[in-house]
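Here's the structure we're looking at; comments come further down.
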Amino acid sequence: MEIYNYRSETAEERLGAIAGRSISFRKKEIEYVEKIIEDVKTNGDKGLIEYIRRFDAPDLSVDALRVTDAEMAAAESSVEPKFMDSLQRAARQIESFHRRQIRQSWIDMERPGTMLGQLVRPVDGAGVYVPGAKGGKTPLVSSVLMGVIPAKIAGVKKVLVATPPTKEGSVNPYLLMAAKIAG
């Protein structure tokens, strides 16, 4: 690990390099992603499976896109109780934090002839994408918790979680348990 003493020329140069970074994509990359999105829009699950087979799980079928009750049960029996305790604690903390952010609708008709206000309504549904991270070998359970729990607290009725499968076509059991706890 490199250590920089701040207010030195070296530290200023390093901070400048970090601050000057940008996330940019070449036109070719954007066009490639747009093609994938269009293929999936046009061909639905059939198009999606084509890309999953190319990038993630060569033998995955359309029928395996949804996690089954049997997969959930297998995941639950394979995850250590200590991990589940930690996951539940994290979920409680995330919920506690986001409950403090709930906004209320309000209307102010204080002045005659005027009405001011804000109507707060949740969307009907939301999707949470959880990156696969090293072919599903590094489960990003925090992405599940921090995506699903705030949506549920906000009143979103249907929250779907999507993640790339492992090469074998399964979903990491730790991710499945995070999804179960998150609701």
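Descriptive notes on the structure:
- Odd one out for GLU71 among (1) in a helix (DSSP H, G or I); (2) out of contact with any Ser or Thr (no Cβ under 8 Å at 6 or more places or on another chain): (2)
- Scanning the stretch 4-31 for residues that are loosely packed, with under 10 Cβ neighbours inside 10 Å and basic (Lys, Arg), we see that the one that is modelled with the highest pLDDT is LYS28.
- All conditions in (1) part of a loop (DSSP other than H, G, I, E, B); (2) surrounded by fewer than 19 Cβ atoms within 10 Å (Cβ to Cβ); (3) small (Gly, Ala, Ser); (4) under 14 Å from the mean Cα position of the chain (by Cα) hold for ALA126, with the sole exception of (1).
- Verdict on VAL79 being closer than 18 Å to LYS152 by Cβ, surrounded by 11 or more Cβ atoms within 10 Å (Cβ to Cβ) and over 19 Å from the mean Cα position of the chain (by Cα): no
Per-residue answers, yes or no, for (1) closer than 27 Å to PRO165 by Cα; (2) of a type outside the set (D, E, K, R); (3) touching a His at 6+ places or on another chain (Cβ under 7 Å):
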site: THR10; (1), (2), (3): no, yes, no
site: GLU13; (1), (2), (3): no, no, no
site: ILE18; (1), (2), (3): no, yes, no
site: ARG21; (1), (2), (3): no, no, no
site: GLY47; (1), (2), (3): yes, yes, no
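- The residues listed here are ILE107, ILE102; of these, the one that is without any contact (Cβ under 8 Å) to a residue 40 or more places away in the chain and not in a helix (DSSP H, G or I) is ILE107.
- Residue check for GLU34: within 21 Å of the chain's Cα centre (by Cα), modelled with pLDDT of 90 or more and more than 23 Å from GLY147 (Cβ to Cβ): yes
- Exactly one residue among MET109, MET1, MET72, MET84 is surrounded by fewer than 10 Cβ atoms within 10 Å (Cβ to Cβ), out of contact with any Phe, Trp or Tyr (no Cβ under 6 Å at 6 or more places or on another chain) and hydrophobic (A, V, I, L, M, F, W, C), and that residue is MET1.
- Inside the stretch 151-170, residues that are over 13 Å from TYR129 (Cβ atoms) and part of a loop (DSSP other than H, G, I, E, B) make up a count of 10.
The values are calculated or read from the model by the stated rules, or taken from the named source; none is laboratory data. All of these numbers come straight from a predicted model, not from anything done at the bench. Please note: Cβ atoms are built from the backbone with ideal geometry, for glycine as well, and neighbour counts cover all protein chains shown.
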